[in-house]
1. How many residues, within the range 39-64, are part of a loop (DSSP other than H, G, I, E, B) and crowded, with 17+ Cβ neighbours inside 10 Å?
2. Is it true that residue 57 is within 18 Å of the chain's Cα centre (by Cα), modelled with pLDDT of 75 or more and farther than 19 Å from residue 12 by Cβ?
3. Just to check your reading of the model, which residue among 12, 23 is outside any helix (DSSP H, G or I), touching a strand residue (DSSP E or B) at 6+ places or on another chain (Cβ under 6 Å) and without any contact (Cβ under 8 Å) to a residue 40 or more places away in the chain?
4. Which residue is surrounded by the fewest Cβ atoms within 10 Å (Cβ to Cβ), if the candidates are limited to the range 10-29 and must be modelled with pLDDT of 85 or more and touching a helix residue (DSSP H, G or I) at 6+ places or on another chain (Cβ under 8 Å)?
């Protein structure tokens, strides 16, 4: 991350049944596209990063929900549902003077 760069913070705020990460897990996304820590992994993490980039660019905070249907869960042998709040981080990455 470059000094002075704007950031977005994505936080898992709810889970139901199984989820890849617990409530409170965080992902930091920089305006240059760097990702730090994790809320999920795979294609969901990519989507959260895209949404975070839009929030950094001036969009409103977003509550994102991901999951699969009960029918899909039986076919795949797992159940997944979680929600992620993506918002602009209030501070920029600190600059050094």
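1. Kept after step one, since they are part of a loop (DSSP other than H, G, I, E, B), are these residues of the range 39-64: 39-41, 57-61.
With the extra rule that they be crowded, with 17+ Cβ neighbours inside 10 Å, the set shrinks to 39-40.
Looking only at that region, the number is 2.
2. For residue 57, the condition - within 18 Å of the chain's Cα centre (by Cα), modelled with pLDDT of 75 or more and farther than 19 Å from residue 12 by Cβ - is met.
3. Selected residue: 23, the only one of 12, 23 that is outside any helix (DSSP H, G or I), touching a strand residue (DSSP E or B) at 6+ places or on another chain (Cβ under 6 Å) and without any contact (Cβ under 8 Å) to a residue 40 or more places away in the chain.
4. Only one residue fits best here, namely 27.
The values are calculated or read from the model by the stated rules, or taken from the named source; none is laboratory data. Just so we're clear, the structure is a prediction, and the values are computed from it rather than from any experiment. We place every Cβ from the backbone using ideal geometry, glycine too, and count neighbours over all the protein chains shown.
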